Amino acid sequence: MRMLSHKPIEAFGFFYDKYGAILFGYILAITNNKKQSEEILINAFLEIFQNYKEFDPNKQSLLDWSIGF
């Protein structure tokens, strides 16, 4: 997440490549609706990147923190 303050586009790409499918699968399992899951994932990514400074790697993993959105 430190990369966000210096290279936000690269950080977004890295994060999406690493966690996008996992988060989408998690959301889809809850909603059982592909379109709704896509919209939720987009909104979650926006929230994640607007609040990245709140992430504390000493408290939880990046994936666990992201699921909270």
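The values are calculated or read from the model by the stated rules, or taken from the named source; none is laboratory data. It should be emphasised that the depicted structure is a prediction, and the values quoted were computed from it without experimental measurement. A quick note on method: Cβ atoms are made from the backbone with ideal geometry, for glycine too, and the neighbour counts reach across all protein chains shown. For the accessible areas, the whole protein counts, side chains as well, though only heavy atoms, and no ligand, DNA or RNA atoms are used. Shrake-Rupley method; radii C 1.70, N 1.55, O 1.52, S 1.80 Å.
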Nearest-0.05 FRET efficiency for Ile9 and Glu38, computed from C-beta distance (R0 22 Å): 0.60
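Net charge within 14 Å of Tyr19 by Cβ-Cβ distance, Lys/Arg positive one each and Asp/Glu negative one each, not counting Tyr19 itself? Walk me through the numbers on the way to the answer.
On the way: positive: Lys18; negative: Asp17, Glu47, Asp64.
Charge balance in the 14 Å sphere: -2.
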Nearest 10 degrees, 0 to 90: helix 8-31 Cα axis against the chain principal axis: 30 degrees
Charge tally in the Cβ shell below 13 Å around Trp65, where Lys, Arg are +1 and Asp, Glu are -1, Trp65 excluded: -2
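If each DSSP helix of 4+ residues adds -39,500 (n - 2.57) and the sum is divided by the residues in the chain, what number results at 222 nm, nearest 500 deg cm²/dmol?
On the way: 3 runs with 47 residues, N = 69.
Dividing the helical sum by the residues of the chain leaves -22500 deg cm²/dmol.
Compute the accessible area per residue over the chain, keeping the other protein chains in place, probe 1.4 Å, unit Å².
On the way: 5070 Å² over 69 residues.
Result: 74 Å² per residue.
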Identified option (computed percent of Cα pairs over 17 Å apart; candidates [x] 32; [y] 40; [z] 48): [y]
Mean separation of Cα contacts under 8 Å (6+ apart) over length of the chain, as relative contact order %: 25 percent
FRET efficiency for Gln60 and Leu28, using Cβ-Cβ distance with R0 set to 22 Å, rounded to 0.05: 0.45
